[in-house]
Structure formats: structure tokens, C-alpha cells
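> One structure is given below, represented as C-alpha cells, and several questions about it will come after.
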Amino acid sequence: MTSARPLGGSLIDQFELGLDAPICLTWELTYACNLSCAHCLSSSGKRDPRELTTEQCEAVIDELQAMQVFYVNIGGGEPTIRPDFWHLLEYSVAHQVGVKFSTNGFRITPERAQWLSRTDYVDVQVSLDGATPEINDALRGPGTYAAALTALDNLASAGFTDAKVSVVVTRENAHQLDDFKRIADDHGATLRLTRLRPSGRGADVWDDLHPTAEQQRDLYRWLMDAGEGVLTGDSFFHLAALGDPLPGLNLCGAGRVVCLIDPIGDVYACPFAIHDRFLAGNILRDGGFAPVWRESRLFQELRSPQSGGACSSCSAYDSCRGGCMAAKFFTGLPLDGPDPECVKGNSETALAAPGRVIPAASQDHSRPSTTIERERPAHACDDSPLTPFIPLESLIATRA
Amino acid sequence: MSMTILDEPLSLSQSVSLRPEPFGALAYNFGNRRLTFLKRPELVSVVQGLDGSRSLAEVLADCGIPEHQWPVFAESLERLIDAEMIERPALAGARD
């Protein structure tokens, strides 16, 4: 697949044509979760009986090593629920595949924190969606704020440096960004902000919880001031239409530089697109991950030139490139039109249209009890992985 | 003082892996988790040729890089040193 391909140009031009292996690979190890967050991207709760076995997971890691996938973002569900999770973490690191895993923190005991601080090439992301228990626990469930803070305390006490505090920005917590930053700083951790997606159970709460237009503008300014000291995983590239681009690569990496493996080995275009429409294949049925990544029809399609559609005539199209594919899909908007949170307001008419149909979920692992107090488990990778990213000029990488 | 980077025997940092890609290569430093994109196949050849014993000039010559382009390559290598992707062996030794 490396032939007949133009060299040079911007990195974005290159990335849109796809890579031999993903840069950012999210791997949901299990749909099982002790929580049931209202905005869970993967509608997690119950374990899927078809979950990959330990041996099958090891084979995936072997393949990632051969493809030189430098690190994997592990999530779920709550990945630490798998009894073999710590083994798989060690196995992965021993095979030159670094691990960044997302957790709600319940199982990050003082002993586990000590163990983690002795293990190289492991990053821990603790999910926290409110800087106060009231706001956090309303979304993630009772006791989850305390659990996350305890996990961060345990990590800091064990000398684990640079844990990540992973926050999904919502209408309810958007005014707490400074407080989140303080929590991270107090624990020697780094703040990581990501975008609320209308994926999974997120579809049920998105209308009420996605930041307002004013909050989006404030967030953009806050992120610009914070610079590279706050991570976003390129989550907010749709905000680039407000002015200068945020640090990182500003493009949709789905199927190009990013993808997701789910607990049963299904491969989806991105972490926010667990739906049949974006299912590229299955690692057990299709002979492994590499064939799916390299040959699936869906990924080939995503790597071919895309039309800007209704956005083509917009002055900001070169900045935001139409925004997030998954956000459009799960809000029932056309994929070649504006993002539902288009900062130019270009999606307002479409969102208000009476005929808009939200696609039905194609799978759901929620527990029956999750309709009242829903929350979301730790979620991995949110996006493209391109922070930390060093913009280098000339012969080396430039950012568009 | 007349010694320049061209005279130095550079090497790829031990914690860095290179992954070839159609546009060049990705370089990932497992230590500081930094990812860098090498945008030109010629630069990838040069970086792969660094062995800690030959000078950068020798490697550039071996890779067939025309001499008038050496300053551009030298500048890129300086940046890769700043990004801790490439090491000056003397410094690496001093750090251990």
C-alpha cells in the first residue's frame, strides 16, 4: 500500500491517506464495568460472553508489536475488572507496546499504585467528570469522585509521576476547568480534557450536556492559554474554526491514524464509533488485526478523498475539516455536513429539523439498572494520539 | 570550537523506535512518550545510518545526500537531538 502515493505536502495530507499501522489504537478490553456512567461511549456494563481470551489478547499484542504500534490506549468498560488485566499490561510492555489505560480508580489501591510506579511504559488516566462530588457523581455515580481522588492520592504517594486526570467537558463542568487543573497539579498529574461525544449512552444525554456555544468559546480560549500543558488528544479540533489551531493535529483520524478494537475483537473506525456503520472487520474472523487495518473496505473508503459537502464553501473548512464524523453520525446529521457543535452555527438548522433521525444503537451492554443513575466508565484514547506532538519544520514533521 | 555536528558520531536514542511509513517514518521515544514525524525518506535513511561511530558527514555521504543539502540535514538532526530522539554518544555516556 505504499506505492503510488505522493510524498511531501503537509502531514495532514499524508495522514488522510492512511498509515501502515495506527498511531493511536484504542482497545476496549471488556464491556464489563462496575459503573454505568450516563455518557458511556461504549454503553458498557455487562461482560460480553464472547470476550477475547487471555491467549487471544496476547496474540493481538504480538501483532501490534510486529506492526510497531508503539502504545495502546486500553479502556472498557473498566479494564481492571478483567482478572488478567495486570498480566496483559505486563505482557504488552514486555513486547514493546506501551500501555496507557483509563480507569475509574476503584482498583488503584496503594499496593497497585506501588506496582504501577515500578512498571515502565505505563500511563494511567483516571476519569473525573466534575471537580466537585456533586457534579462528578451526578454523571458517574455515587462515590466515584472519592474513588478517583483516592486513586490519584495513591498514585502520587507511590511516586507514580504524571498520571492523567481525564475529564469529559460538559455543560455542567465547563466552568470548573481551573479547578480540574488544580486537582491535577496537586497530584503531580497532567490534566486531559476531551469532548463529550453523542456515542453509546452519550446519545441519551448529549442534548442536555454538550457545552453551549459560549462555553465552547471559553473552552477554546482556555485551551489556547494552557498550551501544551493540558492534553486534549486532539479532541477539540472542531474549535479550530474559532481562530488559530489548538496544539496537535487537526483532523479526523478515523480509520486513517486511529481505530478501536472492542472486547470481542471487532475493529471500528474510531473510539467514538462503536456502530455497525463503522465496523471494519473482526480480528478473529479476518485473520488478525493487520489485514483489517490494511485492507478493510471501510478503511480504504475513509482514506480516499472526502468531500466537504455542505461545508466546502465555509471559510473555516480548512481549519476544522467538517469536524467529528462520529458526532455527526450519532446526532443524525449528514457525514459531509457540519459538526453538530459547529462553531459557526452551521448545524443549528439541521439539528432543529423535525425529520432528524438519531441512528439506533447497534449494540448495548448496559445493565438494566442503568437508566436511572447512569454514568460512564473510563474511556480510552478519545481520538488521535498526537499529543505530545513536536511540530518540527523542514525535513521533519510540520503541523499542516 | 570548529567542530560541528557534522563531525560528531551520533546515534539513535536507545529508547527510540523508528517505524517506516509511506511518507517517511514515525519516531517514538518510549521514555518521554514523544512522537516525531520524519517527513522525508532520505532523512529516515540518514537516521537509520547513525551508528555512534561514523560522523554525521560520513553518514550523509554514504546516503548520497548532496553536500549542499548537508546544512538542512544538520539542522534537522539538531532538532532531533533537542527532542531527545538522537543522542550525542559523549553526552549519553556522561549521563549514565
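> Looking only at the range A:86-128, which residues are of a type in the set (Val, Ile, Thr) and under 17 Å from A:Ala184 (Cβ atoms)?
A:Thr103, A:Ile108, A:Val124, A:Val126, listed by residue number.
> Restricting attention to the range A:255-269, and to residues there that are open to solvent by 10 Å² or more (accessible area, probe 1.4 Å) and part of a loop (DSSP other than H, G, I, E, B), which single residue is modelled with the lowest pLDDT?
A:Arg256
> Residues of the range B:37-59 being away from every other protein chain (no Cβ under 12 Å) and open to solvent by less than 50 Å² (accessible area, probe 1.4 Å), which ones?
B:Gly49, B:Leu50, B:Gly52, B:Ser55, B:Leu56, B:Ala57, B:Val59
> Restricting to the range A:191-241, count the residues that are of a type in the set (Gly, Ala, Ser), within 20 Å of the chain's Cα centre (by Cα) and more than 13 Å from A:Ala327 (Cβ to Cβ).
4
> Suppose we keep only residues that are β-branched (Val, Ile, Thr) and part of a loop (DSSP other than H, G, I, E, B) within the range A:25-67. Which one would you say is farthest from A:Val205 (Cα to Cα)?
If we take residues in the range A:25-67 being β-branched (Val, Ile, Thr) and part of a loop (DSSP other than H, G, I, E, B), then A:Thr53 is farthest from A:Val205 (Cα to Cα).
> Which residue pairs have Cβ atoms closer than 6 Å, lie 6 or more positions apart in sequence or on different chains, and pair a first residue in the range A:105-133 that is more than 14 Å from chain B (Cβ to nearest Cβ) with a second residue that is aromatic (Phe, Trp, Tyr)?
Matching pairs, first to second residue: A:Ala113/A:Phe160; A:Leu116/A:Phe160; A:Ser117/A:Phe160; A:Ala131/A:Phe180; A:Pro133/A:Tyr145.
> Please indicate, with yes or no, whether at least one residue in the range A:305-317 is assigned to a loop (DSSP other than H, G, I, E, B) and buried (at least 23 other Cβ atoms within 10 Å of the Cβ).
no
The values are calculated or read from the model by the stated rules, or taken from the named source; none is laboratory data. All values reported here derive from a predicted model rather than from experimental measurement. As a convention, Cβ positions derive from the backbone with ideal geometry for all residues, glycine included, and neighbour counts pool all protein chains shown. The protein model used for the area step is the full one, side chains on, heavy atoms only, and it has no ligands, DNA or RNA in it. Shrake-Rupley method; radii C 1.70, N 1.55, O 1.52, S 1.80 Å.
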